[in-house]
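Data first, discussion second: the structure below is written as structure tokens.
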Amino acid sequence: MSIQSRIAVCLASLALAPVALGQATGTTTTESTAVKSQIKSGVVETVAGNKVVLREADGLHEYNLPDGFKFQLDGKEVGVADLQPGTTVNALITDKVSTRNVTVTRIESGTVAQVAPGGIVIQEKGGDLKSYNFKDTAGNDIYYVKDGKEVPLRNVKKGERLSGTFVSTMPEQQVSQRTVVAKATQPAPPPEPVAMAAATPHRLPKTASPLPLLGMLALGAGLIALSLRAARTLR
């Protein structure tokens, strides 16, 4: 196969699929983790299945809790169905997001044999041809590093001699993990009704008697009679 035919095959491969910096000589992976915590607190208004409506400081909010979700209540684990209206709920929600970035590098040396709209073809020292897209699978520009300088492949020219490290960044990967620690406090029981004592009428002691009153009335009547008789005698 002539060199022109091989170049044509490499150019066709640029249109069919990205060239793999897949035969990489080096892979660098960096990971970062971000942790964010928040507290949710409120009073249970209604419970229907796994849906709980809480009255929070800024109003009513509905939460659809996953199956098997548990609350800590009086040292025991209880399910959503065990919550009652008026129960106070406090939940600590922690979100942990891990981000993984992978950079692939390949050391290459050769002459640009052809430049196409989607990439280039490089002829190595031994005559082998390899094609490279201008962009990687994540849509990032592929570039090579020479003498500490980054040069995008789309900027190279036919016949240019390349010698350096080709760099490609893989799609960013994120893994999210959420943990929730929820505690519930039962509503206070209603106060017991206060018993009212029945009012009892006051009664006179059994020793009380109307006889002294009658005696006083008789004495008064006798005094009046004597006074009338004395008045007649003086006349």
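Taking a straight line from the alpha carbon of residue 51, these lysines sit under 29 Å away, with near neighbours fewer than eight places off in the same chain left out: 36, 40, 70, 76, 96, 183.
Taking each residue as 0.36 nm, the span from residue 224 to residue 173 lengthens on full extension beyond its C-alpha to C-alpha distance by 6.0 nm.
Stretch residue 61-residue 94 to full length: gain in nm at 0.36 nm per residue minus the Cα-Cα span? Let's see the in-between values first.
Working: separation 33, 0.36 × 33 = 11.88 nm, distance 1.90 nm.
Roughly 10.0 nm would be gained on extension.
Taking 0.36 nm per residue of sequence separation and removing the Cα-Cα distance, the residue 35/residue 69 pair yields an extension gain of 10.1 nm. The HN-Hα couplings worked out from phi for the range 132-139 by the Karplus form 6.51 cos²θ - 1.76 cosθ + 1.60 (θ = phi - 60°) are 9, 6, 6, 10, 8, 5, 8, x Hz, whole numbers, x standing for Gly and Pro.
Computed from the coordinates by the stated procedures, all read-outs in this text should not be read as laboratory data. The model shown is predicted, which means the values in this text are computed figures rather than measured ones.
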